[in-house]
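Have a look at the structure below, then the notes.
The values are calculated or read from the model by the stated rules, or taken from the named source; none is laboratory data. Since this is a predicted model, take the numbers as computed values, not measurements. Here Cβ is always computed from backbone atoms with ideal geometry, including for glycine, and neighbour counts include all displayed protein chains.
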Amino acid sequence: MIPWLDNGTPLPPPAQALREPNGLLAASTDISATRLLEAYRQGIFPWYSAGQPVLWWSPDPRMVLFPEAFVCARSLRKTLNRIARDTRWQIRIDSDFGGVMQACAASARSGQDGTWITAEIIAAYTGLHQQGLAHSVETWCEDELVGGLYGVSLGRMFFGESMFSRVTDASKIALAYLVFFLRNQGCRMIDCQQNTAHLASLGAHEIPRSDFLQQLKSLIAEPQIIWPAQLHRTF
């Protein structure tokens, strides 16, 4: 059994999460920017489908990417070299946060019938974005949004949420620029939430939840990263 949270009821500690399904911690009817901030500070995130209650998770182990461990494949590096010389391409920050979320919601996911990025999810993350705590990294080509990702930034920690591509490698381009930017800013860990083969191929790996929470506590206490309007190649 998991607790049902009324509005204003605090989230339980991650140690109370179920082993099966791994990490399920609580359910609620509400999701807001305030609730999201409470959750991220404790290593908890929402994941549910339309028509379900809001389900809160903190799996053990936790999938993370340390920026220095990012694997930039030779083919991706060639692409990055090419677009760095091509003025049609830009990597922008927060120029269309809502558009990125909508595109992520519309992207087909293997093994999923629908999207977990519901209207209420978009509203909650937009609230964090308006507070300067949620950001989108966007790949643009000829002034068209062709890929990107979004997530939450607290202290020197980034929590990745979702990504999309409309052209080949557009989301990987955004991720590569994000990783190198975060590394230069002293960000030492990117939360990837759950294990996938795609994330593992990029250098992400699982760590015990206890280690994740210990590092999280330290990293979110550090000064906030200052985000520019555009990312330039620094690698």
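Filter region 159-179 down to the residues that are within 12 Å of residue 100 (Cβ to Cβ) and of a type in the set (Lys, Arg) and list them by number. Of everything in region 159-179, just one residue is within 12 Å of residue 100 (Cβ to Cβ) and of a type in the set (Lys, Arg), namely 166.
Check residue 149 against each of (1) buried (at least 19 other Cβ atoms within 10 Å of the Cβ); (2) hydrophobic (A, V, I, L, M, F, W, C); (3) more than 23 Å from residue 126 (Cβ to Cβ) and name the one condition it does not meet. (3) is the only condition that residue 149 fails.
Looking at the structure I just gave you, is residue 182 closer than 17 Å to residue 61 by Cα, in contact (Cβ under 8 Å) with a residue 24 or more places away in the chain and in the same structural domain as residue 148 (by the TED database)? The answer is no for residue 182.
Under 30 Å from residue 82 (Cα atoms), out of contact with any Phe, Trp or Tyr (no Cβ under 6 Å at 6 or more places or on another chain) and not assigned by the TED database to the domain that holds residue 40, is that true of residue 146? In short, yes. Residues of region 33-81 that are small (Gly, Ala, Ser) and in contact with a Phe, Trp or Tyr (Cβ under 7 Å, 6 or more places away or on another chain): 39, 43, 49. The condition of being more than 30 Å from residue 12 (Cα to Cα) and of a type in the set (Val, Ile, Thr) holds for only one of 93, 121, 117, that being 93. Considering region 136-235, the qualifying helices (runs of 4 or more DSSP H), each wholly inside and each with 3 or more residues that are farther than 30 Å from residue 15 by Cα, run over 170-184.
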